[in-house]
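Let me begin by presenting the structure, written as structure tokens, before commenting on it.
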Amino acid sequence: MTVTASHTLGVIDIGSNSGRVLVARINGAAHLDVLGDARSPLRLVRDVTRDGLLKPETIERTLSIVRGFVAVANGAGAERTVAVATAAVREATNGDELIERARRELGIPVSIADGEEEARLGFFGAVHGLPVEHGIVLDVGGGSLHFRDRRLMRSWSLKLGALRLNDRFLRSDPPTRGEMRSLKSYVYETMEKAGVSSLRADERLIGTGGTVRNLAKVDRRTRGDYPISRLHGYLIDRRRLDDAGTLLASQSASERSRVPGLNGDRSDSIVGGALVVQAVMDRLLATDFTVAGYGLREGIALRSVSDEAAPVSDVQRAAVLSLGGRFTSWDASAAERRVALLERLLAVVAPGLSVEARSAATCAARLLNIGASIDYYRRHAHSARIVADANLDGYSHRTVALVAAAVLGVGEREASVKGYGPLLGPADQPVIEQLAAAVGLADALVRYGSAGIEHVFPERSNGHVTLATSVVDAWPLEAPTGRAERAFGLSLELGAAARAT
């Protein structure tokens, strides 16, 4: 189904291990604004694994939880709500009973996704908002899929759910080394039979689902004051995953329930999930993986407006415009003039600047003054904090850190990486200062330059840059001009002869 008009949709995921509801306002294929969500453990897979069917009490409990999800959706303003059940209900011999009762008693469309559709929906959700073009998406409970150019190429429905394998292989608490080796061997065999091959050089591993999110939260809590609030886009390398896995496997389930970052209801399945992720990384020869905070629910919402994943550039622009539009102080026209001038400045003063840095600079220029809605005098500090906390889809965590550091730096004497470790380090300091200087100068020129400043083209001759523009008063431009000269090692003159259109 494809809908072009803006709408608010409630999506309920009746998963094998847990249930979740999402309420989102959808304006095209590039962005969705989350208006509400909730989660509750279901443990359906445990019934199915043991008996092949859902017990009557499990069905009643599930219907009660889904009924609560419908209330959440209605309370958040959903115009329509749909529910989708996945592997456990699909495999249960009486899964249709749950579905029919849900339709009849709750009055919403409820369906069972087959393995291929579950993988496709998970793919749409997982890659949306991540700056990735090629790779493999791993959903520990729902399978894996291969994509190129943000298009699904192949999917595998693999029965590698954390709770399922934990119950099957890890009988001891905490598990023994032999039990853990047996579980990983099973994963290797399953992937080999399915024909899952290693990643290509230009491909990334993307992890989605509750197991992956919980592993990421456990790891993030060990990193001190990690600067980016959201989980979507969080990167974990193999060493850090092994450290988290070793910590969790060394404890009993009751001890694990107190591990910072871990949901209490995941304590009996997280070790099995960590072993699955480790085995998958072994098979794919992956050195790290990126966490997708989005999944099946977001995929359903996005598929309601388009059958294709939006390009990364469209996702980035939509996210920035959506964030800016939330603040009364934000002037979209001034932001675009600032960006246009910044891009021409950087082309002349820093032609070798990396693609990542340029992307961060234009984002910083657009969102520079959103913090003025909180307090004008500390607007750059507030803007930086908002950027670090915001739903900036399409950007990596490192790029978001660059944006925040640059925005904060505009309001300081000198930009700094302090507060943005481990994403930024001392080697990034000169680049952040250049970004802050360029954005600050562009902002000053838009504020105090001539009305047609966006049509002025800087010109460079050796180490001298000229910019033909008239100003009401030159003194507000002295400080940002001097800062840009120091950051880029150039002399910069305003009002001298330069090409203008």
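Just wondering, is there one or more residues in the range 25-42 that are more than 18 Å from residue 298 (Cα to Cα) and either within 29 Å of the chain's Cα centre (by Cα) or touching a residue at least 60 places away in the same chain (Cβ under 8 Å) (or both)? Working first, answer last.
Going through the range 25-42, the residues more than 18 Å from residue 298 (Cα to Cα) turn out to be 41-42.
Now drop any that are not either within 29 Å of the chain's Cα centre (by Cα) or touching a residue at least 60 places away in the same chain (Cβ under 8 Å) (or both), which leaves 41-42.
Checked against the condition, which is being more than 18 Å from residue 298 (Cα to Cα) and either within 29 Å of the chain's Cα centre (by Cα) or touching a residue at least 60 places away in the same chain (Cβ under 8 Å) (or both), the range 25-42 yields at least one hit.
From the list 177, 200, 204, which one is over 22 Å from the mean Cα position of the chain (by Cα), closer than 20 Å to residue 236 by Cα and at pLDDT 95 or above? After applying the criteria, what remains is 200.
Can you find, within the range 142-161, the residue that is farthest from residue 204 (Cα to Cα) among those that are of a type outside the set (Ser, Thr, Tyr) and in contact with a Lys or Arg (Cβ under 8 Å, 6 or more places away or on another chain)? Break it down into steps so the answer makes sense when it comes.
At the first step, the residues of the range 142-161 found to be of a type outside the set (Ser, Thr, Tyr) are 142-143, 145-154, 156, 158-161.
Among the residues that remain, those that are also in contact with a Lys or Arg (Cβ under 8 Å, 6 or more places away or on another chain) are: 145-146, 152.
On the way: 145: 12, 146: 10, 152: 14 Å.
Looking at the filtered set, the residue picked out is 152.
For residue 169, the conditions (1) modelled with pLDDT of 90 or more; (2) farther than 12 Å from residue 206 by Cβ; (3) touching an Asp or Glu at 6+ places or on another chain (Cβ under 7 Å); (4) surrounded by 24 or more Cβ atoms within 10 Å (Cβ to Cβ) are fulfilled apart from (4). Beta carbons closer than 6 Å, at least 6 apart along the sequence or on distinct chains, pair a first residue in the range 341-369 that is over 22 Å from residue 326 (Cβ atoms) with a second that is of a type in the set (Ser, Thr, Tyr) for 356/399. Considering 222, 246, 211, the condition of being among the hydroxyl-bearing types (Ser, Thr, Tyr), touching a residue at least 12 places away in the same chain (Cβ under 8 Å) and open to solvent by 30 Å² or more (accessible area, probe 1.4 Å) is satisfied by 222 alone. Just one of the numbered conditions (1) part of a helix (DSSP H, G or I); (2) over 20 Å from residue 422 (Cα atoms); (3) touching a helix residue (DSSP H, G or I) at 6+ places or on another chain (Cβ under 9 Å) is not true of residue 318; which one? That leaves (3) as the condition not met.
Quick one: in the range 259-296, of everything that is under 18 Å from residue 44 (Cα atoms) and not charged (D, E, K, R), which residue is surrounded by the fewest Cβ atoms within 10 Å (Cβ to Cβ)? Please lay out each step first, then the result.
Restricting attention to the range 259-296, the residues satisfying the condition of being under 18 Å from residue 44 (Cα atoms) are 263-270, 272-273, 296.
From the residues that got through so far, the ones that are not charged (D, E, K, R) too are 263-264, 267, 269-270, 272-273, 296.
On the way: 263: 17, 264: 12, 267: 20, 269: 28, 270: 28, 272: 27, 273: 27, 296: 30.
Across the range 259-296, the extreme among qualifying residues is 264.
Annotation: of all residues in the range 357-395 being among the aromatic types (Phe, Trp, Tyr) and farther than 18 Å from residue 31 by Cα, the one that is most open to solvent (accessible area, probe 1.4 Å) is 377.
When the criteria are applied in full, residue 175 meets the requirement of being over 16 Å from residue 15 (Cβ atoms) and either in contact (Cβ under 8 Å) with a residue 40 or more places away in the chain or touching a helix residue (DSSP H, G or I) at 6+ places or on another chain (Cβ under 7 Å) (or both).
Being open to solvent by 20 Å² or more (accessible area, probe 1.4 Å), part of a loop (DSSP other than H, G, I, E, B) and either polar (S, T, N, Q) or under 20 Å from residue 353 (Cα atoms) (or both) is the filter here, so list the residues in the range 396-424 that pass it. Passing the criteria: 396, 414, 416, 417, 423.
Select, from 372, 335, 365, the only residue that is part of a helix (DSSP H, G or I) and either closer than 23 Å to residue 429 by Cβ or not hydrophobic (A, V, I, L, M, F, W, C) (or both). Spell out how you get there, then give the answer.
Working: 372 fails: either closer than 23 Å to residue 429 by Cβ or not hydrophobic (A, V, I, L, M, F, W, C) (or both); 335 fails: either closer than 23 Å to residue 429 by Cβ or not hydrophobic (A, V, I, L, M, F, W, C) (or both).
On inspection, the qualifying residue turns out to be 365.
Condition first: charged (D, E, K, R) and either touching a helix residue (DSSP H, G or I) at 6+ places or on another chain (Cβ under 8 Å) or modelled with pLDDT of 95 or more (or both). Now tell me which residues in the range 404-422 satisfy that.
Within the range 404-422, the subset charged (D, E, K, R) is 412-414, 418.
Answer for the range 404-422, where residues must be charged (D, E, K, R) and either touching a helix residue (DSSP H, G or I) at 6+ places or on another chain (Cβ under 8 Å) or modelled with pLDDT of 95 or more (or both): 412, 414.
Among the residues in the range 249-268, are any within 19 Å of residue 130 (Cβ to Cβ) and not in a strand (DSSP E or B)? Quick ask: steps written out before the conclusion?
So in the range 249-268, the residues within 19 Å of residue 130 (Cβ to Cβ) come out as none.
The answer is no; no qualifying residue exists.
Every condition in (1) under 18 Å from residue 392 (Cβ atoms); (2) open to solvent by 10 Å² or more (accessible area, probe 1.4 Å); (3) touching a Leu at 6+ places or on another chain (Cβ under 7 Å) is met by residue 303 except one, and the failing one is (1). Highlighted here are the strands (runs of 3 or more DSSP E) found entirely within the range 1-52 that include at least 1 residues which are polar (S, T, N, Q), closer than 14 Å to residue 304 by Cβ and open to solvent by less than 40 Å² (accessible area, probe 1.4 Å): 7-14.
Figure legend. Inter-residue proximity from the range 393-417: first residues over 26 Å from residue 291 (Cα atoms) and without any contact (Cβ under 8 Å) to a residue 40 or more places away in the chain, second residues open to solvent by less than 10 Å² (accessible area, probe 1.4 Å) and not aliphatic (A, V, I, L, M), beta-carbon distance below 6 Å, spacing 6+ or different chains. Indicated pairs: 415/409.
Counting only residues that are in contact (Cβ under 8 Å) with a residue 40 or more places away in the chain and assigned to a strand (DSSP E or B), which one in the range 153-166 is most open to solvent (accessible area, probe 1.4 Å)? So that I can check it myself, show each step before the final result.
Our first condition is that a residue be in contact (Cβ under 8 Å) with a residue 40 or more places away in the chain; within the range 153-166, this holds for 155-157, 159-166.
Narrowing further to those that are assigned to a strand (DSSP E or B): 155-156.
Values: 155: 41, 156: 22 Å².
Looking at residues that are in contact (Cβ under 8 Å) with a residue 40 or more places away in the chain and assigned to a strand (DSSP E or B), I get 155.
Taking residue 255, is it surrounded by fewer than 19 Cβ atoms within 10 Å (Cβ to Cβ), without any contact (Cβ under 8 Å) to a residue 24 or more places away in the chain and within 27 Å of residue 118 (Cβ to Cβ)? The answer is no for residue 255.
The values are calculated or read from the model by the stated rules, or taken from the named source; none is laboratory data. Since this is a predicted model, take the numbers as computed values, not measurements. Here Cβ is always computed from backbone atoms with ideal geometry, including for glycine, and neighbour counts include all displayed protein chains. Protein only, heavy atoms only, side chains kept; ligands, DNA and RNA dropped before computing areas. Shrake-Rupley method; radii C 1.70, N 1.55, O 1.52, S 1.80 Å.
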